[in-house]
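The values are calculated or read from the model by the stated rules, or taken from the named source; none is laboratory data. A quick note: this is a predicted structure, and the numbers were derived from the prediction, not measured. Cβ: placed from backbone, ideal geometry, glycine included. Neighbour counts: every protein chain shown. For accessibility, only protein heavy atoms count, side chains too; no ligands or nucleic acids. Shrake-Rupley method; radii C 1.70, N 1.55, O 1.52, S 1.80 Å.
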Amino acid sequence: MPLSNRHLLGLYGIPREDIQLILDTSSTFREVLERPIKKVPTLTGKTIVNLFFENSTRTRISFELAQKRLSADTVNFSTSMSSTKKGETFKDTVKNIEAMKIDMIVVRHQSAGVPHFLTKISNANIINAGDGRHEHPTQALLDMYSIREKFKSFEGLRLCIVGDIAHSRVALSNIHGLITMGAKVSVCGPPTMIPRGIESLGVKVLHSIDKAIQENDVLNVLRIQLERKAGTNIPSVREYHNYFGITAERIEKNNPNIVILHPGPINRGVELSSEVADGPYQIILNQVTNGVAVRMAVLYLLGTL
Ligand code: CP
């Protein structure tokens, strides 16, 4: 069965069967990544543009590698080197790129809704690589793939998203995807970082990190997004670390079986101690490796619809 939509804009409203298909297809590509020659001809002849209007290390390199592993032709766009610096509008930029005959666009933008807008002005398949505080679907899918590798099923799995929920597109995509797949999702952080009414999405709200560690199988720990003014919601990062930082001592006291995820980049000594960031409870670099396979799956499924 193909995916139900020709774009991947978010995990809100995405059918369970689509998530299942992406995760199952990712397993096939994860195996390709272990081969001596990590390349398949699947998207030969397809042209993909990576439109990144915001900084990225993981997502951008992961998408580019995924495209190369699938034998697609790829082009990278970055704002600092483009004619947007001369005043060209976003729409004109996209129309000009599209005139060069492209098939897919991967877009990251600081404004929520830009991937949706692209679907109105372009005929290409659109993949959201993070739009403002809205969604980051491939991050949530790679988180889910990494969780499934460890726990086999989402049914009844208890997962808490910790930290700056209010500024996080990763949180929203994780909430939608995990609830659709049958997990029990909670969020934990200071009240100033938890959006009012978030319970209506089906999540429980916690304000004690010790309780969050005790009650869950997995913590997905978010970065405090200082560039999005998250610092104004807490007295100081030191204070945040004292109340909500994940330390080895807290894990050992409350639940040594907990599995720690983090989408990166990490603020070491703020949301995670370095001991935890590099220690035995986390699967952070597995997430990064799995991200390439998950993005290969998404590109393949959309590119061959
Ligand atoms: N997780 C994530 O989106 O990281 P980058 O901002 O480095 O892409």
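A few notes on this one:
- Annotation: of all residues in the range 106-117 being in contact with a Leu (Cβ under 8 Å, 6 or more places away or on another chain) and over 14 Å from Arg133 (Cβ atoms), the one that is surrounded by the most Cβ atoms within 10 Å (Cβ to Cβ) is Val106.
- Breaking point among (1) open to solvent by 40 Å² or more (accessible area, probe 1.4 Å); (2) under 27 Å from Phe154 (Cβ atoms); (3) part of a helix (DSSP H, G or I), for Glu239: (2)
- Only one of the numbered conditions (1) in contact with a Lys or Arg (Cβ under 9 Å, 6 or more places away or on another chain); (2) touching a residue at least 24 places away in the same chain (Cβ under 8 Å); (3) surrounded by fewer than 17 Cβ atoms within 10 Å (Cβ to Cβ) is not met by Leu299, and that is (3).
- Residues considered: Asp18, Asp73, Asp103. Of these, the only one that is open to solvent by less than 20 Å² (accessible area, probe 1.4 Å) and among the charged types (D, E, K, R) is Asp18.
- In the range 82-184, counting only helices (runs of 4 or more DSSP H) that sit wholly within it, the ones holding 3 or more residues that are at negative phi and more than 21 Å from the chain's Cα centre (by Cα) span 90-98.
- The residues on offer are Gly269, Gly264, and the sole one that is surrounded by fewer than 20 Cβ atoms within 10 Å (Cβ to Cβ), modelled with pLDDT of 95 or more, away from the ligand (no atom under 16 Å from the Cβ) and of a type outside the set (Ser, Thr, Tyr) is Gly269.
- So Arg16, is it at pLDDT 95 or above, among the basic types (Lys, Arg) and away from the ligand (no atom under 16 Å from the Cβ): yes
- Within the range 242-252, considering residues that are buried (at least 20 other Cβ atoms within 10 Å of the Cβ) and not small (Gly, Ala, Ser), the one farthest from Cys188 (Cα to Cα): Ile251
- Annotation note: Cβ proximity below 6 Å between a residue of the range 47-68 that is farther than 14 Å from His109 by Cβ and a residue that is outside any helix (DSSP H, G or I) and within 11 Å of the ligand (Cβ to nearest atom) (sequence gap 6+ or interchain) occurs for Arg58/Gly264.
- Among the residues making up the range 50-68, a single one is among the acidic types (Asp, Glu) and within 11 Å of the ligand (Cβ to nearest atom): Glu54.
- Among the residues examined, Thr79 qualifies as within 16 Å of the ligand (Cβ to nearest atom) and modelled with pLDDT under 95.
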